[in-house]
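Undergrad: The structure's right below; bear with me while I get my questions together.
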Amino acid sequence: MPTLTPDEVKMFYDTLNPLILSANKRFGMIRGLETVVDMFKHTFAEFAPLSERLFSSPEVLDEFVARNPAGLDERHLRLADSWRHAVHGEFIILRHLKAHTIFLLPEKSPAVYGVHGLNTPLEEMFAWPPMMAETVLLPFEGRITYHGMMRPWSITFGRGIRESFEDSYRRAKLAQGVISSLPAVAKAREPTKEERLRALLSSERSRRLHEEEIFELAGSDRALLAVYHKAMGETFARDHRRNLRGVGSGGGWYAVLEGTIVAAGRSEEDALRMVEAVVPEGKRDLVHVYQVRPPGGAPE
């Protein structure tokens, strides 16, 4: 999993530690915090209020960069100045990808961030997502990392809430993509109606939550109506496959329309000929055709 390099981690802490000490000197929130060594004597719970206040106070960053009490070079000062774009919150650590770990901020308008670890890969720290953790996300030269401390919450998520996270993830990706640098850059374009419809149809929970919008979109355009029926056909096909295998089907090709199998054949061509024979011409573009492999066949 991606982490900063050892040199980058050193640069990160060489910038962060004096900034925290400077902020505490200004606010006086943690007693006895005078040196970097003192920082190891305090918990996340003690640092959290200071971090939140620090990264929501751009004047502190301005003063730190202007005065440069630690004698940092220009690159370190640019890094400190970029931290005015920090994001504090209680995040859902949703999944680990090759490029980064997905952090979801599940608010009314959800956002997803691609986050890099520091010394330790986030995959090792949070091996069984989804998990909730409080932290501050910070930019680091075109990437996103965190401020070195996280407070995980010991919460077990049921199926329903997991589905809601996935729904938020899809909506956020559609709206602005995965944010991989801070400040977030606005997405270049609005999603098309087709992209929006496909996202809303992507899970059972999403279909339930957005039923009204789905029908509005599907009814607004013939091509979108076809997208709707094809997507729903794929959903029905999964249930049909189980049922057909349950009654001993030896495999074949099937066509489904509005949840009902309307044609079948030994080959795709056979099934399509049957569709032409039994389905009105005005509805043929709404049919989803799929294969059920025989027992022991290759996975579908």
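Quick note: the coordinates plus some simple rules give every number you see, no bench work behind them. Keep in mind it's a predicted model, so treat the numbers as computed, not measured. Positions of Cβ are backbone-derived with ideal geometry, glycine not excepted, and every protein chain shown enters the neighbour counts.
Undergrad: Given the -39500 (n - 2.57) contribution per DSSP H run of 4+ residues, what per-residue ellipticity at 222 nm results for the chain, rounded to the nearest 500 deg cm²/dmol?
TA: Result for the chain: -14000 deg cm²/dmol, rounded to the nearest 500.
Undergrad: For the chain, what are the per-bin percents of Cα-Cα distances with bins 10 Å wide, up to the bin holding the maximum?
TA: 6, 21, 23, 18, 13, 10, 7, 3, 0
Undergrad: Counting only residues 5 or more places away or on other chains, whose amide H sits under 5 Å from the amide H of V287 once H atoms are built in the peptide plane?
TA: Placed amide hydrogens put nothing under 5 Å from V287.
Undergrad: Further question on the same structure: Check cross-link reach from K230 to the lysines: straight Cα distance under 23 Å, and skip same-chain residues fewer than eight apart.
TA: The reachable lysines, counting only those whose Cα sits under 23 Å from K230, are K173, K193, K283.
Undergrad: Per residue of region 198-215, in order, report the coupling 6.51 cos²θ - 1.76 cosθ + 1.60 (Karplus, θ = phi - 60°) as ³J(HN,Hα) in whole Hz, putting x for Gly and Pro.
TA: The phi angles translate into 4, 5, 5, 8, 6, 8, 4, 4, 4, 5, 5, 5, 10, 4, 4, 5, 4, 5 Hz.
Undergrad: Which value, in nm² and rounded to one decimal, describes the direction-averaged projected area of the C-alpha convex hull of region 225-292? Could you put the intermediate results ahead of the total?
TA: Details: hull surface 16.1 nm².
Mean projected area of the Cα convex hull: 4.0 nm².
Undergrad: Then there's this: Provide the packing ranking of 2-11, 124-133, i.e. peptides ordered by the mean count of other C-beta atoms within 10 Å per residue, highest first.
TA: Descending mean neighbour count gives 124-133, 2-11.
Undergrad: Can you give the charge dipole size of the chain about its Cα centre, rounded to the nearest 20 debye, using +1 on the beta carbon of Lys and Arg and -1 on the beta carbon of Asp and Glu?
TA: 500 debye
Undergrad: Give me, ordered by chain and number, the residues 5 or more places off F140 or on other chains with an amide H under 5 Å from its own placed amide H.
TA: T145, L182
Undergrad: If packing is taken as the average count of other Cβ atoms within 10 Å, what order do 141-147, 56-62 fall into, highest mean first?
TA: With the highest mean Cβ count within 10 Å placed first, the list reads 141-147, 56-62.
Undergrad: Further, regarding this structure: Using a simple charge model, +1 on the beta-carbon of Lys and Arg, -1 on the beta-carbon of Asp and Glu, nothing else, what dipole does region 225-292 show about its Cα centre, in debye to the nearest 20?
TA: 280 debye
Undergrad: Right, here's the next one. Taking R0 as 25 Å, what FRET efficiency do you get between E90 and E124 from their Cβ-Cβ distance, rounded to the nearest 0.05? All intermediate terms of the calculation are to be shown ahead of the outcome.
TA: Values: r = 21 Å, r/R0 = 0.85.
In this case the efficiency is close to 0.70.
Undergrad: Calculate, for T35 and R159, the FRET efficiency according to 1/(1 + (r/R0)^6) with r their C-beta to C-beta distance and R0 45 Å; round to the nearest 0.05.
TA: FRET efficiency, T35 to R159: 0.40.
Undergrad: Could you tell me the ratio Rg/Rh of region 87-176? Both radii from Cα atoms, Rh via Kirkwood. It would help to have the intermediate numbers written out before the result.
TA: On the way: Rg = 12.3 Å, Rh = 13.2 Å.
Ratio value, two decimals: 0.93.
Undergrad: PRE reach from K10 (point 7 Å along Cα→Cβ): which of region 91-119 fall under 16 Å by backbone N?
TA: Residues 119 fall inside that zone.
Undergrad: Please list 199-211, 275-287 highest first by mean number of surrounding beta-carbon atoms within 10 Å per residue.
TA: 199-211, 275-287
Undergrad: Near K98, which aspartates and glutamates are there with a Cα under 12 Å away, not counting those fewer than 8 places off in the same chain?
TA: Answer for K98, where 12 Å is the Cα cut-off: E123, listed by chain and number.
Undergrad: Given I93, V112, T145, which one lies farthest toward the positive end of the charge dipole of region 87-176, if we put +1 on the Cβ of every Lys and Arg and -1 on the Cβ of every Asp and Glu?
TA: After comparing all options, I get V112.
Undergrad: Return the FRET efficiency for the residue pair M149, S203: r is the Cβ-Cβ distance, R0 is 45 Å, and the value is rounded to the nearest 0.05.
TA: Efficiency at R0 = 45 Å is approximately 0.85.
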